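Taking it in order: structure first as structure tokens, then the write-up.
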Amino acid sequence: MTTVCRYAPLVAVVLIVSLASPATAERFENGIAVFAALDKVTARISELEVPINETVEFGQLKVTPRVCYSRPPTERPKTTSFVEIDEVKLDATAERIFSGWMLAESPGLNAVEHPVFDVWLTGCKAPKTDVATAPSAGAQPGTAGEAAGAAAGIVEPQGADTTFQRRRIRR
């Protein structure tokens, strides 16, 4: 047997496994980052909705989100934002106390812990792309799911609204 024939089954298995593996989730860029801010003196928690690349003041802190990403509602939640936080000193100079990524699902990892204020990411709002019409990772044309459906005899017409159509397959 030649070398090509010997490795053909292995190549076929690798190809099938790579087609069947789940696709990575698409992330959406949002226009507003939502933070929770705690004033430790008054014990008040405030919600801050900050547009991207704009600055909002909370006490002596200036919060500026640069990006805010989230996933579609059908995927596992993951909301991240790159944030810069400056503290305004008594002499009116600003000192950067935080610059990095915040994770909404793990607020304790990268929250800002200041002696008087705490700030952490809670979510994103105002997606720049329409989440309902954006293609999901599992429904892209040419995926393994579509190939498996074609192999089972399920054929969807191109361009047709198949939201409420059901097909019966006789076996």
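The values are calculated or read from the model by the stated rules, or taken from the named source; none is laboratory data. All figures in this text were calculated on a predicted structure; none of them were measured in a lab. Don't worry about glycine lacking a Cβ; one is built from the backbone with ideal geometry, like all the others, and counts go over all protein chains shown.
Is it the case that Lys62 is of a type in the set (D, E, K, R), out of contact with any Gly (no Cβ under 9 Å at 6 or more places or on another chain) and modelled with pLDDT of 95 or more? Before the answer, list the steps.
Details: of a type in the set (D, E, K, R): yes; out of contact with any Gly (no Cβ under 9 Å at 6 or more places or on another chain): yes; modelled with pLDDT of 95 or more: yes.
It is true that Lys62 is of a type in the set (D, E, K, R), out of contact with any Gly (no Cβ under 9 Å at 6 or more places or on another chain) and modelled with pLDDT of 95 or more.
Only residues that are hydrophobic (A, V, I, L, M, F, W, C), farther than 19 Å from Thr80 by Cβ and assigned to a strand (DSSP E or B): list them for segment 36-55, please. Before the answer, list the steps.
Within segment 36-55, the subset hydrophobic (A, V, I, L, M, F, W, C) is 36-38, 41, 43, 45, 48, 50, 52.
Add one more test, that the residue is farther than 19 Å from Thr80 by Cβ, and what stays is 38, 41, 43, 45.
Within segment 36-55, Leu38, Ile45 meet the criteria.
Those residues that are without any contact (Cβ under 8 Å) to a residue 12 or more places away in the chain and either closer than 25 Å to Ala43 by Cβ or of a type outside the set (Gly, Ala, Ser) (or both), I need them from segment 111-133; list them, please. Outline the logic, then answer.
Restricting attention to segment 111-133, the residues satisfying the condition of being without any contact (Cβ under 8 Å) to a residue 12 or more places away in the chain are 111, 113, 130, 132-133.
Within segment 111-133, Ala111, Glu113, Asp130, Thr133 meet the criteria.
Restricting to segment 56-89, what's the tally of residues that are farther than 24 Å from Arg27 by Cβ and part of a strand (DSSP E or B)? Full working, then the answer.
Kept after step one, since they are farther than 24 Å from Arg27 by Cβ, are these residues of segment 56-89: 57-62, 86-89.
Now restrict to residues that are part of a strand (DSSP E or B): 57-58, 61-62, 86-88.
Counting residues in segment 56-89 that are farther than 24 Å from Arg27 by Cβ and part of a strand (DSSP E or B) gives 7.
Which one is nearest to Asp39 (Cα to Cα), of the residues in segment 87-120 that are surrounded by fewer than 18 Cβ atoms within 10 Å (Cβ to Cβ) and among the β-branched types (Val, Ile, Thr)?
Among those that are surrounded by fewer than 18 Cβ atoms within 10 Å (Cβ to Cβ) and among the β-branched types (Val, Ile, Thr), it is Val116.
Could you tell me whether Thr80 is surrounded by fewer than 14 Cβ atoms within 10 Å (Cβ to Cβ), β-branched (Val, Ile, Thr) and modelled with pLDDT under 95?
On the way: surrounded by fewer than 14 Cβ atoms within 10 Å (Cβ to Cβ): no; β-branched (Val, Ile, Thr): yes; modelled with pLDDT under 95: yes.
Criteria not met by Thr80.
Answer with yes or no whether Thr162 is hydroxyl-bearing (Ser, Thr, Tyr) and at pLDDT below 55.
Numbers: hydroxyl-bearing (Ser, Thr, Tyr): yes; at pLDDT below 55: yes.
Yes; evaluated as a whole, the condition is true for this residue.
Sort out which residues of segment 90-124 are part of a loop (DSSP other than H, G, I, E, B), among the hydroxyl-bearing types (Ser, Thr, Tyr) and under 13 Å from Thr79 (Cα atoms), and write them in order of number.
Of the residues in segment 90-124, the ones part of a loop (DSSP other than H, G, I, E, B) are 90-93, 104-111, 114-116.
Checking which are among the hydroxyl-bearing types (Ser, Thr, Tyr) leaves us with 93, 106.
Hit for segment 90-124 is Ser106, nothing else.
Filter segment 37-80 down to the residues that are of a type in the set (S, T, N, Q) and in contact with a Ser or Thr (Cβ under 9 Å, 6 or more places away or on another chain) and list them by number. Before you say what the answer is, go through the steps one by one.
To start, the set of residues in segment 37-80 that are of a type in the set (S, T, N, Q) comprises 42, 46, 53, 55, 60, 64, 70, 74, 79-80.
Across segment 37-80, the qualifying residues are Asn53, Thr55, Thr64, Ser70, Thr74, Thr79, Thr80.
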